[in-house]
Amino acid sequence: MKNFMMIFIGADYQELGLSPEELQNRMGKWFAWGQKMESQGILKGGEALVPNVKRVIGQKRTVSDGPFADSKEIIGGYYTVTAENADAVVEIAQDYPDYDLGGTVEIREIMVFDQ
Amino acid sequence: MMEHKIVDHLFRHHYGKMVAILTRYFGLSHIETIEDAVQDTFLKATLLWRKQIPENPEAWLTSVAKNRTIDLLRSSKAANNRSQKVALNTAAVVPMVEPFLDHEIEDSQLRMIFVACHPSLKPKEQIAFALRTISGFSSKEIAAALLTKENTIAKRLTRAKKAIIANKLQFDFPPASEMQARVVRVMEIIYLTFNEGFHSTNTENVVRGDLCGEAIRLCKLLLKKEKFRSGSLYALFALLCFHASRLESKTNAQNEIVDIRDQDRSTWYFPLIEMGNSAMNKAMAYDEVSAYHYEAAIAAEHLKAKTFAETDWERILDWYTKLQELQPSAFNLLHMAIVNLQLRNFEVAKQLLDTLPVSDLEQREYLYYGCYAEYYAKKNDLILAIPYLEKAILRTSNNQERRYLKQKKIALENRLKGSKNSKFS
(Lines give C-alpha, C1' and ligand atoms only; values in the text may rest on other atoms or scores of the structure.)
Protein backbone atom coordinates (compact mmCIF):
# COMPACT_ATOMS: atom_id res chain seq x y z
CA MET A 1 0.00 0.00 0.00
CA LYS A 2 1.14 3.52 -0.75
CA ASN A 3 0.14 6.90 0.57
CA PHE A 4 -1.35 9.55 -1.65
CA MET A 5 -2.46 13.10 -1.33
CA MET A 6 -5.68 14.32 -2.93
CA ILE A 7 -5.34 18.06 -3.42
CA PHE A 8 -8.58 20.00 -3.93
CA ILE A 9 -8.28 22.94 -6.27
CA GLY A 10 -10.86 25.60 -7.04
CA ALA A 11 -14.55 25.64 -6.03
CA ASP A 12 -14.11 28.28 -3.33
CA TYR A 13 -17.48 28.37 -1.57
CA GLN A 14 -16.98 31.92 -0.37
CA GLU A 15 -16.23 33.18 -3.85
CA LEU A 16 -19.21 31.30 -5.27
CA GLY A 17 -21.59 32.89 -2.76
CA LEU A 18 -23.48 29.68 -1.98
CA SER A 19 -26.71 29.95 -0.02
CA PRO A 20 -27.10 28.40 3.44
CA GLU A 21 -29.13 25.59 1.90
CA GLU A 22 -26.52 24.88 -0.76
CA LEU A 23 -23.70 25.01 1.76
CA GLN A 24 -25.50 22.52 3.90
CA ASN A 25 -26.04 20.15 0.99
CA ARG A 26 -22.33 20.35 0.14
CA MET A 27 -21.40 19.66 3.71
CA GLY A 28 -23.62 16.58 3.73
CA LYS A 29 -21.82 15.22 0.67
CA TRP A 30 -18.37 15.82 2.16
CA PHE A 31 -19.48 14.19 5.38
CA ALA A 32 -20.81 11.13 3.55
CA TRP A 33 -17.61 10.84 1.50
CA GLY A 34 -15.42 11.15 4.59
CA GLN A 35 -17.46 8.54 6.42
CA LYS A 36 -17.23 6.17 3.47
CA MET A 37 -13.42 6.47 3.31
CA GLU A 38 -13.13 6.20 7.05
CA SER A 39 -15.18 3.02 7.17
CA GLN A 40 -12.93 1.51 4.49
CA GLY A 41 -9.88 2.54 6.48
CA ILE A 42 -8.36 4.54 3.63
CA LEU A 43 -8.56 8.08 5.05
CA LYS A 44 -5.37 9.07 6.86
CA GLY A 45 -5.88 12.76 7.41
CA GLY A 46 -6.44 16.10 5.82
CA GLU A 47 -7.03 19.77 6.35
CA ALA A 48 -8.92 22.67 4.84
CA LEU A 49 -6.93 25.78 3.99
CA VAL A 50 -7.80 29.42 4.58
CA PRO A 51 -8.04 31.09 1.16
CA ASN A 52 -5.74 34.02 2.04
CA VAL A 53 -2.37 33.54 0.36
CA LYS A 54 1.03 35.05 1.11
CA ARG A 55 3.90 34.30 -1.23
CA VAL A 56 7.63 34.77 -0.85
CA ILE A 57 9.15 34.90 -4.30
CA GLY A 58 12.61 34.98 -5.85
CA GLN A 59 16.11 36.02 -4.83
CA LYS A 60 14.89 39.18 -3.22
CA ARG A 61 12.36 37.22 -1.18
CA THR A 62 9.64 39.59 -2.25
CA VAL A 63 6.55 39.10 -0.14
CA SER A 64 3.19 39.50 -1.83
CA ASP A 65 -0.31 39.03 -0.59
CA GLY A 66 -2.99 37.19 -2.50
CA PRO A 67 -5.26 36.77 -4.16
CA PHE A 68 -3.01 36.06 -7.14
CA ALA A 69 -4.46 34.02 -9.88
CA ASP A 70 -7.97 33.01 -10.56
CA SER A 71 -9.62 31.49 -7.51
CA LYS A 72 -10.00 28.44 -9.74
CA GLU A 73 -6.34 27.73 -9.06
CA ILE A 74 -6.41 28.12 -5.31
CA ILE A 75 -5.89 25.03 -3.19
CA GLY A 76 -8.76 24.66 -0.77
CA GLY A 77 -7.55 21.63 1.14
CA TYR A 78 -6.20 18.11 0.99
CA TYR A 79 -6.78 14.56 2.18
CA THR A 80 -4.15 11.88 2.56
CA VAL A 81 -5.28 8.37 1.79
CA THR A 82 -3.77 4.96 1.53
CA ALA A 83 -4.32 2.88 -1.60
CA GLU A 84 -2.88 0.23 -3.89
CA ASN A 85 -1.98 2.68 -6.64
CA ALA A 86 -2.90 6.00 -8.24
CA ASP A 87 -5.72 4.43 -10.23
CA ALA A 88 -7.36 3.31 -7.01
CA VAL A 89 -7.21 6.91 -5.77
CA VAL A 90 -8.80 8.09 -9.01
CA GLU A 91 -11.62 5.73 -8.11
CA ILE A 92 -11.86 7.19 -4.59
CA ALA A 93 -11.85 10.72 -6.01
CA GLN A 94 -15.04 9.99 -7.99
CA ASP A 95 -17.01 11.00 -4.89
CA TYR A 96 -15.39 14.44 -4.50
CA PRO A 97 -18.49 16.66 -4.21
CA ASP A 98 -17.45 19.81 -6.06
CA TYR A 99 -16.83 18.86 -9.69
CA ASP A 100 -20.05 20.65 -10.62
CA LEU A 101 -18.60 23.87 -9.16
CA GLY A 102 -15.53 23.64 -11.37
CA GLY A 103 -13.40 21.93 -8.75
CA THR A 104 -10.38 19.71 -9.52
CA VAL A 105 -8.71 16.90 -7.62
CA GLU A 106 -4.99 16.46 -8.10
CA ILE A 107 -3.59 13.12 -7.00
CA ARG A 108 0.05 12.86 -5.91
CA GLU A 109 1.89 9.94 -4.46
CA ILE A 110 3.77 10.70 -1.27
CA MET A 111 7.42 9.87 -1.75
CA VAL A 112 9.01 7.26 0.48
CA PHE A 113 12.75 7.42 1.16
CA ASP A 114 14.71 4.25 1.81
CA GLN A 115 16.85 4.20 4.89
CA MET B 1 -24.50 7.91 7.22
CA MET B 2 -27.82 9.62 7.62
CA GLU B 3 -26.50 12.22 10.00
CA HIS B 4 -26.63 15.04 7.51
CA LYS B 5 -30.34 14.29 7.13
CA ILE B 6 -30.91 15.03 10.80
CA VAL B 7 -29.91 18.60 10.20
CA ASP B 8 -32.16 19.03 7.13
CA HIS B 9 -32.62 22.73 6.36
CA LEU B 10 -30.74 23.51 9.57
CA PHE B 11 -28.60 26.14 7.89
CA ARG B 12 -31.47 27.93 6.20
CA HIS B 13 -33.72 27.85 9.23
CA HIS B 14 -30.93 28.78 11.54
CA TYR B 15 -29.84 31.65 9.33
CA GLY B 16 -33.00 33.59 10.17
CA LYS B 17 -32.81 32.74 13.85
CA MET B 18 -29.20 33.81 14.19
CA VAL B 19 -29.58 37.01 12.22
CA ALA B 20 -32.58 37.93 14.37
CA ILE B 21 -31.04 37.16 17.74
CA LEU B 22 -27.71 38.83 16.90
CA THR B 23 -29.53 41.90 15.60
CA ARG B 24 -31.29 42.12 18.92
CA TYR B 25 -27.95 42.34 20.70
CA PHE B 26 -25.84 44.31 18.27
CA GLY B 27 -28.50 46.55 16.76
CA LEU B 28 -30.24 46.82 13.42
CA SER B 29 -27.61 49.21 12.09
CA HIS B 30 -25.12 46.31 12.02
CA ILE B 31 -27.34 43.99 10.07
CA GLU B 32 -24.95 43.76 7.15
CA THR B 33 -22.04 42.75 9.36
CA ILE B 34 -24.25 40.24 11.14
CA GLU B 35 -25.30 38.66 7.87
CA ASP B 36 -21.66 38.39 6.81
CA ALA B 37 -20.78 36.79 10.12
CA VAL B 38 -23.57 34.24 9.80
CA GLN B 39 -22.51 33.41 6.25
CA ASP B 40 -18.89 32.99 7.42
CA THR B 41 -20.11 30.67 10.15
CA PHE B 42 -21.76 28.37 7.63
CA LEU B 43 -18.59 28.35 5.54
CA LYS B 44 -16.64 27.34 8.59
CA ALA B 45 -19.16 24.65 9.43
CA THR B 46 -19.02 23.15 5.95
CA LEU B 47 -15.28 22.71 6.38
CA LEU B 48 -15.22 21.59 9.97
CA TRP B 49 -18.28 19.34 9.86
CA ARG B 50 -16.83 17.36 6.98
CA LYS B 51 -15.26 15.13 9.57
CA GLN B 52 -17.67 15.27 12.44
CA ILE B 53 -20.97 16.99 13.07
CA PRO B 54 -20.95 18.52 16.57
CA GLU B 55 -23.18 17.22 19.31
CA ASN B 56 -25.37 20.30 19.30
CA PRO B 57 -25.12 21.87 15.83
CA GLU B 58 -27.41 24.81 16.62
CA ALA B 59 -25.46 25.87 19.67
CA TRP B 60 -22.20 25.54 17.76
CA LEU B 61 -23.51 27.76 14.95
CA THR B 62 -24.89 30.41 17.28
CA SER B 63 -21.78 30.71 19.36
CA VAL B 64 -19.44 30.85 16.35
CA ALA B 65 -21.66 33.43 14.66
CA LYS B 66 -21.72 35.58 17.76
CA ASN B 67 -17.92 35.53 18.07
CA ARG B 68 -17.51 36.20 14.38
CA THR B 69 -19.83 39.22 14.64
CA ILE B 70 -17.78 40.62 17.50
CA ASP B 71 -14.59 40.08 15.47
CA LEU B 72 -15.97 41.82 12.43
CA LEU B 73 -17.34 44.72 14.44
CA ARG B 74 -14.03 45.16 16.21
CA SER B 75 -12.03 45.14 13.03
CA SER B 76 -14.31 47.68 11.39
CA LYS B 77 -14.15 49.81 14.53
CA ALA B 78 -10.39 49.52 14.52
CA ALA B 79 -10.33 50.57 10.89
CA ASN B 80 -12.45 53.58 11.79
CA ASN B 81 -10.21 54.81 14.57
CA ARG B 82 -6.77 53.52 13.87
CA SER B 83 -5.17 55.91 16.28
CA GLN B 84 -7.24 54.80 19.22
CA LYS B 85 -7.03 51.61 21.14
CA VAL B 86 -10.35 49.87 20.88
CA ALA B 87 -11.83 48.59 24.07
CA LEU B 88 -12.48 44.89 23.80
CA ASN B 89 -16.03 44.96 24.98
CA THR B 90 -17.33 47.75 22.76
CA ALA B 91 -19.22 45.36 20.53
CA ALA B 92 -21.47 43.95 23.19
CA VAL B 93 -24.10 46.66 23.54
CA VAL B 94 -26.36 44.54 25.70
CA PRO B 95 -24.98 41.84 27.94
CA MET B 96 -25.51 38.61 26.11
CA VAL B 97 -26.54 35.53 28.04
CA GLU B 98 -26.24 32.20 26.38
CA PRO B 99 -27.80 29.89 25.50
CA PHE B 100 -30.45 32.02 23.89
CA LEU B 101 -33.90 31.03 24.99
CA ASP B 102 -36.46 29.91 22.46
CA HIS B 103 -38.89 32.68 23.33
CA GLU B 104 -36.07 35.20 22.95
CA ILE B 105 -35.29 33.90 19.47
CA GLU B 106 -38.97 33.89 18.52
CA ASP B 107 -39.42 37.40 19.82
CA SER B 108 -36.41 38.53 17.80
CA GLN B 109 -37.76 36.92 14.65
CA LEU B 110 -41.10 38.64 15.15
CA ARG B 111 -39.36 41.98 15.49
CA MET B 112 -37.54 41.24 12.26
CA ILE B 113 -40.85 40.57 10.48
CA PHE B 114 -42.09 43.98 11.55
CA VAL B 115 -38.87 45.61 10.39
CA ALA B 116 -39.33 43.90 7.01
CA CYS B 117 -42.81 45.39 6.75
CA HIS B 118 -41.81 48.91 7.72
CA PRO B 119 -43.32 51.49 5.34
CA SER B 120 -39.91 53.01 4.58
CA LEU B 121 -39.23 49.86 2.56
CA LYS B 122 -41.01 49.55 -0.77
CA PRO B 123 -43.39 46.56 -1.06
CA LYS B 124 -41.07 44.62 -3.37
CA GLU B 125 -38.12 45.29 -1.08
CA GLN B 126 -40.15 44.12 1.90
CA ILE B 127 -40.77 40.66 0.50
CA ALA B 128 -37.16 40.23 -0.68
CA PHE B 129 -35.85 41.37 2.69
CA ALA B 130 -38.23 39.08 4.57
CA LEU B 131 -37.32 36.04 2.50
CA ARG B 132 -33.63 36.72 2.97
CA THR B 133 -33.39 37.87 6.55
CA ILE B 134 -36.13 35.85 8.17
CA SER B 135 -36.25 32.78 5.96
CA GLY B 136 -32.60 32.52 4.91
CA PHE B 137 -33.06 32.25 1.14
CA SER B 138 -30.21 33.43 -1.08
CA SER B 139 -30.68 36.12 -3.73
CA LYS B 140 -30.63 33.37 -6.33
CA GLU B 141 -33.34 31.40 -4.58
CA ILE B 142 -35.49 34.50 -4.04
CA ALA B 143 -35.05 35.45 -7.69
CA ALA B 144 -36.19 31.97 -8.71
CA ALA B 145 -39.19 32.11 -6.38
CA LEU B 146 -40.31 35.57 -7.50
CA LEU B 147 -39.39 35.12 -11.17
CA THR B 148 -37.01 38.04 -11.07
CA LYS B 149 -33.39 38.48 -12.03
CA GLU B 150 -30.84 37.77 -9.34
CA ASN B 151 -29.27 41.21 -9.52
CA THR B 152 -32.68 42.87 -9.23
CA ILE B 153 -33.13 41.04 -5.93
CA ALA B 154 -29.62 42.01 -4.85
CA LYS B 155 -30.48 45.66 -5.56
CA ARG B 156 -33.73 45.43 -3.61
CA LEU B 157 -31.89 43.96 -0.64
CA THR B 158 -29.27 46.71 -0.75
CA ARG B 159 -31.95 49.39 -0.95
CA ALA B 160 -33.85 47.82 1.94
CA LYS B 161 -30.76 47.86 4.14
CA LYS B 162 -29.97 51.44 3.12
CA ALA B 163 -33.51 52.49 4.02
CA ILE B 164 -33.15 50.83 7.42
CA ILE B 165 -29.96 52.75 8.15
CA ALA B 166 -31.14 56.05 6.62
CA ASN B 167 -34.39 56.03 8.57
CA LYS B 168 -32.66 54.82 11.74
CA LEU B 169 -35.16 52.01 12.17
CA GLN B 170 -35.09 50.36 15.56
CA PHE B 171 -35.28 46.65 16.16
CA ASP B 172 -38.61 46.92 17.85
CA PHE B 173 -42.32 46.39 17.46
CA PRO B 174 -44.28 49.28 15.94
CA PRO B 175 -46.02 51.73 18.30
CA ALA B 176 -49.65 50.95 19.08
CA SER B 177 -50.90 53.58 16.63
CA GLU B 178 -49.16 51.85 13.69
CA MET B 179 -49.59 48.29 14.84
CA GLN B 180 -52.83 47.58 13.01
CA ALA B 181 -51.56 48.69 9.60
CA ARG B 182 -48.27 46.86 10.02
CA VAL B 183 -49.90 43.58 11.02
CA VAL B 184 -52.03 43.82 7.89
CA ARG B 185 -48.88 44.17 5.80
CA VAL B 186 -47.18 41.30 7.64
CA MET B 187 -50.15 39.09 6.76
CA GLU B 188 -49.94 40.17 3.12
CA ILE B 189 -46.26 39.20 2.99
CA ILE B 190 -47.05 35.81 4.50
CA TYR B 191 -49.89 35.33 2.03
CA LEU B 192 -47.69 36.31 -0.94
CA THR B 193 -44.90 34.01 0.19
CA PHE B 194 -47.32 31.11 0.44
CA ASN B 195 -48.88 31.84 -2.93
CA GLU B 196 -45.51 31.93 -4.63
CA GLY B 197 -44.88 28.49 -3.25
CA PHE B 198 -48.34 27.08 -3.86
CA HIS B 199 -48.95 28.33 -7.39
CA SER B 200 -45.25 28.32 -8.15
CA THR B 201 -44.52 30.45 -11.18
CA ASN B 202 -41.02 29.15 -10.65
CA THR B 203 -39.53 27.15 -13.52
CA GLU B 204 -38.32 24.46 -11.18
CA ASN B 205 -40.08 23.42 -8.06
CA VAL B 206 -37.20 23.22 -5.64
CA VAL B 207 -38.14 26.10 -3.38
CA ARG B 208 -41.85 25.61 -3.62
CA GLY B 209 -42.62 23.49 -0.58
CA ASP B 210 -40.09 25.52 1.39
CA LEU B 211 -41.94 28.78 0.70
CA CYS B 212 -45.26 27.31 1.87
CA GLY B 213 -43.62 25.89 4.98
CA GLU B 214 -41.99 29.21 5.74
CA ALA B 215 -45.30 31.10 5.42
CA ILE B 216 -47.01 28.67 7.81
CA ARG B 217 -44.13 28.93 10.27
CA LEU B 218 -44.30 32.74 10.31
CA CYS B 219 -48.06 32.69 10.74
CA LYS B 220 -47.72 30.31 13.67
CA LEU B 221 -45.08 32.56 15.19
CA LEU B 222 -47.49 35.50 15.11
CA LEU B 223 -50.34 33.45 16.57
CA LYS B 224 -48.21 32.56 19.58
CA LYS B 225 -48.45 36.15 20.78
CA GLU B 226 -51.80 37.23 22.04
CA LYS B 227 -51.41 40.82 20.90
CA PHE B 228 -51.24 39.78 17.23
CA ARG B 229 -54.18 37.41 17.28
CA SER B 230 -57.19 38.49 15.28
CA GLY B 231 -59.97 37.00 13.19
CA SER B 232 -58.09 37.67 9.99
CA LEU B 233 -54.84 36.15 11.29
CA TYR B 234 -56.66 32.96 12.30
CA ALA B 235 -58.47 32.94 8.94
CA LEU B 236 -55.17 33.36 7.12
CA PHE B 237 -53.68 30.48 9.08
CA ALA B 238 -56.72 28.33 8.26
CA LEU B 239 -56.38 29.21 4.59
CA LEU B 240 -52.70 28.23 4.51
CA CYS B 241 -53.42 24.94 6.30
CA PHE B 242 -56.25 24.08 3.91
CA HIS B 243 -54.17 24.75 0.84
CA ALA B 244 -51.07 23.06 2.23
CA SER B 245 -53.03 19.88 2.93
CA ARG B 246 -53.33 19.43 -0.84
CA LEU B 247 -49.75 20.33 -1.68
CA GLU B 248 -48.55 16.74 -2.07
CA SER B 249 -51.43 15.72 -4.32
CA LYS B 250 -50.85 18.59 -6.74
CA THR B 251 -48.06 16.67 -8.45
CA ASN B 252 -47.66 12.98 -9.21
CA ALA B 253 -44.62 10.71 -8.94
CA GLN B 254 -43.39 11.99 -12.30
CA ASN B 255 -43.58 15.54 -10.93
CA GLU B 256 -46.45 16.38 -13.28
CA ILE B 257 -49.32 18.62 -12.29
CA VAL B 258 -52.52 16.89 -11.28
CA ASP B 259 -55.79 18.76 -11.75
CA ILE B 260 -57.96 19.06 -8.62
CA ARG B 261 -60.47 16.96 -10.58
CA ASP B 262 -58.02 14.05 -10.64
CA GLN B 263 -56.21 14.53 -7.35
CA ASP B 264 -56.17 11.54 -5.05
CA ARG B 265 -58.31 12.94 -2.26
CA SER B 266 -57.15 10.24 0.13
CA THR B 267 -53.67 11.80 0.16
CA TRP B 268 -54.91 15.15 1.40
CA TYR B 269 -53.17 15.64 4.69
CA PHE B 270 -55.78 15.38 7.39
CA PRO B 271 -53.85 16.86 10.37
CA LEU B 272 -53.46 20.11 8.43
CA ILE B 273 -57.16 20.15 7.56
CA GLU B 274 -57.96 19.70 11.24
CA MET B 275 -55.61 22.50 12.19
CA GLY B 276 -57.29 24.67 9.58
CA ASN B 277 -60.74 23.83 10.91
CA SER B 278 -59.81 24.72 14.45
CA ALA B 279 -58.23 28.00 13.32
CA MET B 280 -61.37 28.76 11.31
CA ASN B 281 -63.52 28.26 14.39
CA LYS B 282 -61.34 30.67 16.29
CA ALA B 283 -61.55 33.17 13.43
CA MET B 284 -65.33 33.09 13.71
CA ALA B 285 -65.16 34.22 17.33
CA TYR B 286 -64.10 37.68 16.15
CA ASP B 287 -66.42 40.22 14.58
CA GLU B 288 -64.27 41.15 11.61
CA VAL B 289 -64.60 39.52 8.21
CA SER B 290 -61.60 39.57 5.90
CA ALA B 291 -60.73 38.32 2.44
CA TYR B 292 -58.85 35.51 4.19
CA HIS B 293 -62.14 34.33 5.71
CA TYR B 294 -63.73 33.97 2.28
CA GLU B 295 -60.68 32.39 0.72
CA ALA B 296 -60.44 29.91 3.57
CA ALA B 297 -64.17 29.15 3.17
CA ILE B 298 -63.61 28.43 -0.53
CA ALA B 299 -60.63 26.19 0.17
CA ALA B 300 -62.65 24.36 2.84
CA GLU B 301 -65.52 23.84 0.38
CA HIS B 302 -63.16 22.01 -1.99
CA LEU B 303 -61.86 19.87 0.86
CA LYS B 304 -65.38 18.96 1.97
CA ALA B 305 -66.32 17.40 -1.38
CA LYS B 306 -65.66 13.66 -1.37
CA THR B 307 -65.33 13.65 -5.15
CA PHE B 308 -64.86 16.40 -7.69
CA ALA B 309 -68.42 15.84 -8.92
CA GLU B 310 -69.76 16.50 -5.41
CA THR B 311 -68.17 19.95 -5.21
CA ASP B 312 -70.73 22.52 -4.14
CA TRP B 313 -70.04 25.05 -6.91
CA GLU B 314 -73.06 27.21 -6.02
CA ARG B 315 -71.66 27.74 -2.57
CA ILE B 316 -68.18 28.46 -3.90
CA LEU B 317 -69.59 31.00 -6.34
CA ASP B 318 -71.38 32.64 -3.48
CA TRP B 319 -68.13 32.95 -1.49
CA TYR B 320 -66.34 34.38 -4.52
CA THR B 321 -69.09 36.95 -5.04
CA LYS B 322 -68.73 38.09 -1.43
CA LEU B 323 -64.97 38.15 -1.76
CA GLN B 324 -65.22 40.25 -4.90
CA GLU B 325 -67.46 42.74 -3.10
CA LEU B 326 -65.01 43.06 -0.25
CA GLN B 327 -61.78 43.07 -2.23
CA PRO B 328 -62.22 43.29 -6.01
CA SER B 329 -59.51 41.62 -8.09
CA ALA B 330 -58.97 40.16 -11.54
CA PHE B 331 -58.19 36.80 -9.94
CA ASN B 332 -61.60 36.64 -8.30
CA LEU B 333 -63.26 37.36 -11.62
CA LEU B 334 -61.22 34.66 -13.30
CA HIS B 335 -62.15 32.16 -10.60
CA MET B 336 -65.79 33.17 -10.88
CA ALA B 337 -65.59 32.44 -14.60
CA ILE B 338 -64.08 29.02 -13.87
CA VAL B 339 -66.81 28.23 -11.34
CA ASN B 340 -69.52 29.37 -13.77
CA LEU B 341 -68.09 26.99 -16.36
CA GLN B 342 -68.48 24.17 -13.83
CA LEU B 343 -72.09 25.25 -13.32
CA ARG B 344 -72.52 25.37 -17.11
CA ASN B 345 -73.45 29.05 -16.98
CA PHE B 346 -71.47 29.50 -20.17
CA GLU B 347 -72.61 32.98 -21.07
CA VAL B 348 -71.92 34.38 -17.59
CA ALA B 349 -68.46 32.83 -17.73
CA LYS B 350 -67.77 34.30 -21.17
CA GLN B 351 -68.92 37.72 -20.05
CA LEU B 352 -66.62 37.62 -17.02
CA LEU B 353 -63.68 36.60 -19.18
CA ASP B 354 -64.42 39.26 -21.77
CA THR B 355 -64.45 42.05 -19.22
CA LEU B 356 -61.79 41.18 -16.66
CA PRO B 357 -58.57 43.26 -16.66
CA VAL B 358 -56.16 40.67 -18.02
CA SER B 359 -52.97 42.58 -17.39
CA ASP B 360 -53.67 42.51 -13.64
CA LEU B 361 -53.02 38.78 -13.74
CA GLU B 362 -49.36 39.40 -14.60
CA GLN B 363 -47.41 36.15 -14.51
CA ARG B 364 -50.57 34.11 -14.23
CA GLU B 365 -52.08 35.39 -17.45
CA TYR B 366 -51.87 31.87 -18.87
CA LEU B 367 -54.67 30.86 -16.53
CA TYR B 368 -56.94 33.29 -18.33
CA TYR B 369 -56.19 31.80 -21.75
CA GLY B 370 -56.54 28.34 -20.28
CA CYS B 371 -59.98 29.30 -19.01
CA TYR B 372 -61.03 30.60 -22.43
CA ALA B 373 -59.88 27.29 -23.93
CA GLU B 374 -61.95 25.47 -21.32
CA TYR B 375 -64.98 27.57 -22.24
CA TYR B 376 -64.74 26.68 -25.93
CA ALA B 377 -63.91 23.06 -25.16
CA LYS B 378 -67.01 22.76 -22.99
CA LYS B 379 -69.07 24.27 -25.79
CA ASN B 380 -67.48 21.68 -28.09
CA ASP B 381 -65.93 24.39 -30.20
CA LEU B 382 -62.53 22.73 -30.38
CA ILE B 383 -61.28 24.75 -33.34
CA LEU B 384 -61.52 27.88 -31.18
CA ALA B 385 -60.31 26.18 -27.99
CA ILE B 386 -56.94 24.99 -29.30
CA PRO B 387 -55.46 28.42 -30.19
CA TYR B 388 -56.27 29.62 -26.66
CA LEU B 389 -54.39 26.71 -25.20
CA GLU B 390 -51.47 27.56 -27.46
CA LYS B 391 -51.55 31.10 -26.12
CA ALA B 392 -51.60 29.77 -22.56
CA ILE B 393 -48.61 27.52 -23.30
CA LEU B 394 -46.66 30.49 -24.63
CA ARG B 395 -47.39 32.59 -21.54
CA THR B 396 -46.39 30.17 -18.82
CA SER B 397 -42.89 30.21 -17.39
CA ASN B 398 -43.32 27.05 -15.37
CA ASN B 399 -42.16 23.84 -17.04
CA GLN B 400 -44.68 21.72 -15.17
CA GLU B 401 -47.57 23.96 -16.15
CA ARG B 402 -46.39 23.93 -19.73
CA ARG B 403 -46.28 20.14 -19.82
CA TYR B 404 -49.75 20.00 -18.31
CA LEU B 405 -51.19 22.43 -20.86
CA LYS B 406 -49.50 20.60 -23.74
CA GLN B 407 -51.12 17.36 -22.64
CA LYS B 408 -54.47 19.11 -22.55
CA LYS B 409 -53.86 20.39 -26.05
CA ILE B 410 -53.04 16.91 -27.35
CA ALA B 411 -56.24 15.61 -25.75
CA LEU B 412 -58.26 18.32 -27.50
CA GLU B 413 -56.57 17.63 -30.82
CA ASN B 414 -57.40 13.95 -30.48
CA ARG B 415 -60.98 14.83 -29.68
CA LEU B 416 -61.08 17.03 -32.76
CA LYS B 417 -59.72 14.23 -34.96
CA GLY B 418 -62.24 11.82 -33.47
CA SER B 419 -65.16 14.11 -34.21
CA LYS B 420 -63.97 14.68 -37.78
CA ASN B 421 -63.59 10.96 -38.39
CA SER B 422 -67.03 10.20 -37.14
CA LYS B 423 -68.48 12.87 -39.41
CA PHE B 424 -66.92 11.42 -42.53
CA SER B 425 -67.21 7.73 -41.84
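The values are calculated or read from the model by the stated rules, or taken from the named source; none is laboratory data. As the structure is a computational prediction, the values presented were derived from the model and not from experiment. Glycine gets a Cβ as well: all are built from the backbone with ideal geometry, and neighbour counts include every protein chain shown. What goes into the accessible areas is simple: the full protein's heavy atoms, side chains included, and nothing from ligands, DNA or RNA. Shrake-Rupley method; radii C 1.70, N 1.55, O 1.52, S 1.80 Å.
Which lysines have a Cα less than 17 Å from the Cα of B:K17, not counting those fewer than 8 places away in the same chain?
Correct list for B:K17: B:K66, B:K220, B:K224.
How far, in nm, would the chain grow between B:N67 and B:Q254 when pulled straight, counting 0.36 nm per residue and subtracting the alpha carbon separation?
Stretched fully, the B:N67-B:Q254 segment lengthens by 62.7 nm.
Tell me which residues come under 5 Å, amide H to amide H, from B:L343 once H is placed; ignore anything under 5 positions away on its chain.
Here the answer is none, since no amide H 5 or more places off falls under 5 Å of that of B:L343.
If I model a spin label as a point 7 Å beyond the Cα along the Cα-Cβ vector, how far apart are those points for A:N52 and B:A59 in nm?
Label at A:N52, label at B:A59, 3.0 nm between them.
Expressed as an acute angle from 0 to 90° and rounded to the nearest 10, what is the orientation of the C-alpha long axis of helix B:102-116 relative to the principal long axis of chain B?
70 degrees
Could you work out which residue, out of B:E274, B:E55, B:E347, moves most in a Gaussian network model of chain B, that is, has the largest mean-square fluctuation with Cα springs under 10 Å?
Of the options given, B:E55 has the highest mean-square fluctuation.
Round to the nearest 0.05 the FRET efficiency obtained for B:V184 and B:Q351 when R0 = 30 Å and r is the Cβ-Cβ distance.
Details: r = 33 Å, r/R0 = 1.10.
Efficiency for this residue pair is about 0.35.
Excluding same-chain residues fewer than 8 positions from B:K379, which lysines have a Cα within less than 30 Å of its Cα?
Once the sequence-local lysines are set aside, what remains near B:K379 is B:K250, B:K304, B:K306, B:K322, B:K350, B:K391, B:K406, B:K408, B:K409, B:K417, B:K420, B:K423.
Note down the relative contact order for segment B:114-189 as a percent, whole number, built from C-alpha pairs under 8 angstrom at least six residues apart.
41 percent
Taking springs between alpha-carbon atoms closer than 10 angstrom, which of B:K282, B:K250, B:K306 fluctuates most in the Gaussian network model of chain B?
Of B:K282, B:K250, B:K306, the Gaussian network model singles out B:K306 as fluctuating most.
Please report the carbon-and-sulfur percent of the accessible area for the protein assembly as shown; probe 1.4 Å, protein heavy atoms only, DNA, RNA and ligands left out.
52 percent
Can you flag which of B:K44/B:K155; A:K2/A:K44; B:K124/B:K225; A:K44/B:K51; B:K225/B:K282 are past 18 Å Cα-Cα?
B:K44/B:K155; B:K124/B:K225
Compute the FRET efficiency between B:R344 and B:T152 as 1/(1 + (r/R0)^6), taking r as their Cβ-Cβ distance and R0 = 51 Å, and round to the nearest 0.05.
After rounding to 0.05, the efficiency reads 0.70.
Can you list residues whose amide H is under 5 Å from A:K44's amide H, if they're 5+ apart or on another chain and H is modeled 1.01 Å from N?
A:T80, A:V81, A:T82
Could you state how much accessible area is buried at the B-A interface, both sides summed, with a 1.4 Å probe, in Å² to the nearest 100?
Interface between B and A: roughly 2100 Å².
On full extension of the chain, what length is gained from B:K140 through B:D262, given 0.36 nm per residue of separation minus the C-alpha to C-alpha distance?
Between B:K140 and B:D262, full extension yields an extra 40.5 nm.
With each run of n ≥ 4 DSSP H residues scored as -39500 (n - 2.57), what mean residue ellipticity at 222 nm is computed for chain B after dividing by its residue count and rounding to the nearest 500 deg cm²/dmol?
The helix-only estimate for chain B comes to -22000 deg cm²/dmol at 222 nm.
Per residue of chain A, what 222 nm ellipticity follows from adding -39500 (n - 2.57) for every DSSP H run with n ≥ 4, rounded to the nearest 500?
On the way: 3 runs with 31 residues, N = 115.
Counting only the DSSP helices, I get -8000 deg cm²/dmol.
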